1. Taking a cut-off of 19 Å between Cα atoms, list the aspartates and glutamates near LYS202, but don't count ones fewer than 8 places away on the same chain.
2. Please report Rg (one decimal) and Dmax (integer) in Å for the Cα set of region 28-94.
3. Once the convex hull of the C-alpha atoms of the chain is built, how many Å³ does it hold per residue, rounded to a whole number?
4. How many percent of all Cα-Cα pairs in region 132-184 sit more than 19 Å apart?
5. Computed on alpha carbon atoms, what radius of gyration and Dmax characterise region 74-164, expressed in Å?
6. Given a cut-off of 21 Å, name the pairs among LYS45/LYS270; LYS69/LYS92; LYS50/LYS97; LYS69/LYS250; LYS50/LYS270; LYS97/LYS249 whose C-alpha atoms lie farther apart than that in the structure shown.
7. Tally Lys and Arg at +1 and Asp and Glu at -1 over the other residues with C-beta under 12 Å from the C-beta of HIS226: what net charge comes out?
8. For region 113-270, taking Cα atoms only, what is the radius of gyration to one decimal and the Dmax to the nearest whole Å?
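Nothing in this text is a laboratory measurement; each read-out follows from the coordinates by a stated rule. Just so it is clear, the model here is predicted, and its values are computed rather than measured. Virtual Cβ from ideal backbone geometry, glycine too; neighbours counted across all protein chains shown.
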Amino acid sequence: MKREDNTPAKDVWDRLWESHETSFSKTPATQWDVFERVKWEYLEKLLPPKGSILECGCGGARMSVYAAKRNYAATMVDYSNEALRVARNNFKKEGLKGRYVNANVNKLPFKDNTFDVVMSHGLLEHLEDVETPLLEMARVLKKGGLLYADIAPHRLSVQTLGDAFSFTARVFYHIARLEFPKIRRDINVLKPGYYDNGLSWKDYRAALIAVGLRNVVVMGDRPFPHLSLPHFIERLYINIMQRSVGLWKKFDGSPLALHLGVGWWAYGVK
């Protein structure tokens, strides 16, 4: 579901975040901790030595936590107050300071040329028109600054296979336990309620160039899907991923990753 003003329905994201308290962990307790640690290790190499960072559509602001822990001044924007609550909790848990702004990414409440880095993680794929928010993100970015977007595209990928595995495993598990009402909940998982566009990596690259960025790169990332697993099996899966980080990093940026990886990392310089 999306609104006519190019923003996802607010209640969908409020419901998604209202059950969360904190989501950042110093140790890889979940699959997301591993995924985002690898992403941060790549992103950190692109960042200036110091400066200000704006995260648009921040959600729990886990990447901003990493940045703030390395003394970047972090500002976080989200359309959902529930998401900003989780972001605050994550920062408070780590003893960090940040700025939290409830705003629409299509009309950011900041002056031109304000931030050294503007980033988003899991935002653009939920918007039909990506050029409008990218124009705003580029507007508030300083000359020579980095605009970075982590995109989870709606397409056939290793995550598609992971989703099919997770769904099948959940259904058989609940059948075996005679928990038939829970099967309906499993089916509802396949209908998350938020909008996904069908843009290609070439579309995103063209959009970044259209808003005036140079040295634009779009690369595929992550050979490991997120899976719904029992805790003890998840620990095994996390261990496998950690032991495979060397091969994982060789996969990121490869032609295979561009077409089958879970997501895309897209960035350019103003």
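1. Here the aspartates and glutamates satisfying the reach criterion relative to LYS202 are GLU125, GLU128, ASP129, GLU131, ASP150, ASP221, ASP252.
2. 11.7, 31
3. Details: hull volume 34.2 nm³, N = 270.
Per-residue hull volume (Cα only) is 127 Å³.
4. Details: 802 of 1378 pairs.
Looking at region 132-184, the distances longer than 19 Å represent 58 percent of pairs.
5. My reading of the Cα-based Rg and Dmax gives 15.0, 45 Å.
6. Cα-Cα > 21 Å for LYS69/LYS250; LYS97/LYS249; rest within.
7. Values: positive: ARG222; negative: ASP33, GLU36, ASP163, GLU234.
Combined, the nearby Lys, Arg, Asp and Glu give -3.
8. Computed over the Cα atoms of region 113-270, radius of gyration and Dmax are 18.5, 60 Å.
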